[in-house]
Amino acid sequence: AQSVSQHNHHVILSEAASLELGCNYSYGGTVNLFWYVQYPGQHLQLLLKYFSGDPLVKGIKGFEAEFIKSKFSFNLRKPSVQWSDTAEYFCAVTPNFNKFYFGSGTKLNVKP
Amino acid sequence: DGGITQSPKYLFRKEGQNVTLSCEQNLNHDAMYWYRQDPGQGLRLIYYSQIVNDFQKGDIAEGYSVSREKKESFPLTVTSAQKNPTAFYLCASIPGRDQNTEAFFGQGTRLTVV
């Protein structure tokens, strides 16, 4: 079945550590790719998005993601995390313009 | 301010009762979506509507119903046929089909059935 996979369900890091969250999808053809973040008690917010062009995209709060078409991946990275990055992160894919498919989410806990 | 408003934030209902969750947007978006969020399962699509008076089933539509009589409103009814209705429900919208854009989300409604 077509899907979006986030293999890291729960990640615990210390402040200043580097972060990489994996996202793989199985939809063929042209896709749009997104990372959303949900801070505790808040609504889903867009971190970054990829539609076309440079496969390395930069988002808010120092996050970036790299689209590797051959690997069907869109991994999220941040060189140095902060306690305020504690949240749940969702990868999303639109294989067409009408439906957004989400991964199961990764909970990130950053220890101060 | 433009945005998506979901109400109420918390909702409690007795088992066997139907309940309707509200979703209103003033973004002039054509397409609207309902997702269900459960721990460890991410967001799963319940129903979506690309235009007024039209809607489509998502991946987990059983036990739910929707209507789209107005562009700005997309209410979701959780019926007594839904086997496990306790969950966090998220409404989203996008400007329209055939556009490269992200989805915009409301703050969600947490439904608890007792």
Hey, A:PHE34 within 13 Å of chain B (Cβ to nearest Cβ), touching a residue at least 24 places away in the same chain (Cβ under 8 Å) and under 19 Å from B:ALA103 (Cα atoms) or not: yes
Sole exception among (1) open to solvent by 30 Å² or more (accessible area, probe 1.4 Å); (2) within 8 Å of chain A (Cβ to nearest Cβ); (3) farther than 20 Å from A:GLN38 by Cα; (4) not hydroxyl-bearing (Ser, Thr, Tyr) for B:ASP59, by number: (2)
Sole residue being buried (at least 17 other Cβ atoms within 10 Å of the Cβ) and hydrophobic (A, V, I, L, M, F, W, C), chosen from B:VAL66, B:VAL52: B:VAL66
Restricting the range B:77-88 to residues that are surrounded by 16 or more Cβ atoms within 10 Å (Cβ to Cβ) and not in a strand (DSSP E or B), the residue that is modelled with the lowest pLDDT: B:GLN82
Unmet criterion (only one of (1) farther than 22 Å from A:PHE34 by Cα; (2) modelled with pLDDT under 95; (3) touching a Ser or Thr at 6+ places or on another chain (Cβ under 8 Å); (4) not acidic (Asp, Glu)) for B:GLN6: (2)
Single unsatisfied condition, A:GLY41 versus (1) in contact (Cβ under 8 Å) with a residue 12 or more places away in the chain; (2) within 21 Å of B:ARG44 (Cα to Cα): (1)
Within the range B:1-76, strands (runs of 3 or more DSSP E) holding 2 or more residues that are among the aliphatic types (A, V, I, L, M): B:19-25, B:31-38, B:42-51
Test: A:GLN6 is buried (at least 18 other Cβ atoms within 10 Å of the Cβ), within 13 Å of the chain's Cα centre (by Cα), within 26 Å of B:TRP34 (Cα to Cα) and within 11 Å of another protein chain (Cβ to nearest Cβ): yes
Search result, residues across the range A:42-67 that are more than 8 Å from chain B (Cβ to nearest Cβ) and aromatic (Phe, Trp, Tyr): A:TYR50, A:PHE63, A:PHE67
Residue selected from the range A:75-98 under the condition within 13 Å of chain B (Cβ to nearest Cβ) and open to solvent by 60 Å² or more (accessible area, probe 1.4 Å), by the criterion modelled with the highest pLDDT: A:ASN96
Any hit, the range B:25-47, residues being at pLDDT 95 or above, open to solvent by 30 Å² or more (accessible area, probe 1.4 Å) and among the acidic types (Asp, Glu): no
Residue within the range A:67-74 that is over 19 Å from A:PHE102 (Cα atoms) and buried (at least 18 other Cβ atoms within 10 Å of the Cβ) present: no
Scope the range A:99-112; condition within 14 Å of chain B (Cβ to nearest Cβ) and touching a strand residue (DSSP E or B) at 6+ places or on another chain (Cβ under 6 Å); matching residues: A:PHE100, A:TYR101, A:PHE102, A:GLY103, A:SER104, A:GLY105, A:THR106, A:LYS107
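The values are calculated or read from the model by the stated rules, or taken from the named source; none is laboratory data. Source: prediction; values computed, not measured. A quick note on method: Cβ atoms are made from the backbone with ideal geometry, for glycine too, and the neighbour counts reach across all protein chains shown. What goes into the accessible areas is simple: the full protein's heavy atoms, side chains included, and nothing from ligands, DNA or RNA. Shrake-Rupley method; radii C 1.70, N 1.55, O 1.52, S 1.80 Å.
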